[in-house]
């Protein structure tokens, strides 16, 4: 008849469904002491309110953190431009008759894009 004793080797023999409720993770997780930041890339379509060679104002269903750097893809006349932009301001807006909250996000393009400037003329 099998017997159970405490110890790390015995926990390896315990079936997954028999582990204590607080200890069901398959892999070890480490506690973070201090600040540890990561990024989350979310691709959502946003409406361009206005655009210039140096920045844009967009209306988005999700907010972006002020002072964060974002990758922005703009499509003008069938041409796609991928730019890095810094979020300069954020404003929550609610428009009557539309579902959900929208956010106006002010973007400053980082680095000049001569092709974009030409497409905007």
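Any read-out appearing in this document is the output of simple, stated calculations on the displayed coordinates, not a laboratory observation. These numbers come from a predicted model, not from an experiment. Note: ideal-geometry Cβ built from the backbone for every residue, glycine included; neighbour counts use all protein chains shown.
Just a few scattered comments:
- Residues 68, 35 arranged by fewest to most Cβ contacts within 10 Å: 35, 68
- Approximating the spin labels as points 7 Å out from Cα along Cα→Cβ, the residue 120-to-residue 101 distance works out to 2.9 nm.
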